[in-house]
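Everything on this sheet refers to the single structure shown next.
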Amino acid sequence: MRTSTRTRPRHFAPFALITSAVLLVAACGSGSDDSAGGTAGVAAKADKIPTADVVSGVEKDAAAAKLLPSGVTSLTVAVSVGGTPPGTTYLDDGKTLTGQDVDFTHAVAKVLGLEVTTEQAGFEAILPALDSGKYDFGASNFGVTDERRKTIDFVTYINDGQGFATRKDSKLTKITDLKQLCGLNVATAAGTTFEATLEENKKVCSDAGKKAYKVQTYSEQGAIWSSLQQGRSDIVMSTINGLRYAVAHQQGVKFLNEFHRLDVGFAFKKGTKLAPAFQAAVNKLIAVGTYEKILKKWGTTGSAIEKSQISPPELKD
């Protein structure tokens, strides 16, 4: 946590003009299309990343800012760059970060009158680094689980969760029980609740007398989708919002279903004194309408929450 009033360089550049990005997926298969039999191709299509400025007009709220610990004027946030929206990604200039978490971070900082410096880190490295003080908080779609709450404090700002997607030619349908994954290769991101859920429940296959599924972890979303398209993986487990976006902007893939909803929040070292201020800031954004604008920008209005909470219990199905 920083208490100095000295101006610090910003790693979040201002929002750029409209640019386009190509998802990190290439065509595969051998001459088949989405409607034909055989292996359907998974092809990327160019798409413009939303660039509407929904943050710069946010004003400081004195009541929320007063909740900050005395002397705190700047903070360092850690983000993981995932490659595709609504997660954190780059605009075409290769240096401007954007995404839903970026917008929420900027908006909360403006409500609190804070200077925010951004540092990039691998998703799996952020939460452990909070305890050491390397970062003041993390903003990378961190799901609130009871296990994480043992060592991390959260301030919620959306509701997302776990879901599944696969190739359109797959016979897989709705996944309601992990036993349906037995014998399959499941691609997911390293250090996530998805990896934890899959690893913790492998025994469901042996208990049912079936071959265990294989968990394939990757540090980048592009690698996950490449694994699926090239047939090394049979199914992807990831965030509901991320999967819906990927399926809407790629050919040859389909969203299967939501599996488990989770609250998502800014992550802090356990016992942080920053949580009340951040909670007040999120609730202010909800009250003035900026919150809704951010969700509409990223197409995630289904993830809206009514009010922010500090480290609520994990949602149960």
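Taken together, the values in this text are just the output of simple stated rules run on the coordinates, not laboratory data. Small disclaimer: the values here were computed from a predicted structure and weren't measured. Cβ: placed from backbone, ideal geometry, glycine included. Neighbour counts: every protein chain shown.
Points to keep in mind about this one:
- Positive minus negative residues near V108 (Lys, Arg vs Asp, Glu; Cβ under 13 Å): -3
- Principal axis dimensions, the range 161-260 - Cα atoms, whole angstrom, descending: 38, 28, 24
- Under Karplus coefficients 6.51, -1.76 and 1.60, residue-wise ³J(HN,Hα) of the range 126-134 in Hz, glycine/proline x: 5, 4, x, 6, 5, 5, 7, x, 4
- Distance from the range 121-164 to the range 197-214 (C-alpha centre basis), Å: 26 Å
- Two-site FRET efficiency, T151 against K273, from Cβ-Cβ distance with R₀ of 22 Å, rounded to 0.05: 0.85
- Antiparallel bridge percentage (DSSP; both residues within the range 161-260; nearest 5): 60 percent
- Net charge, S226 excluded, C-beta distance under 13 Å - Lys, Arg +1, Asp, Glu -1: +1
- Net charge of Cβ neighbours under 10 Å - reference V247; Lys, Arg +1; Asp, Glu -1: +3
- With a Förster radius of 35 Å applied to the C-beta separation of K60 and N257, the computed FRET efficiency comes to 0.25.
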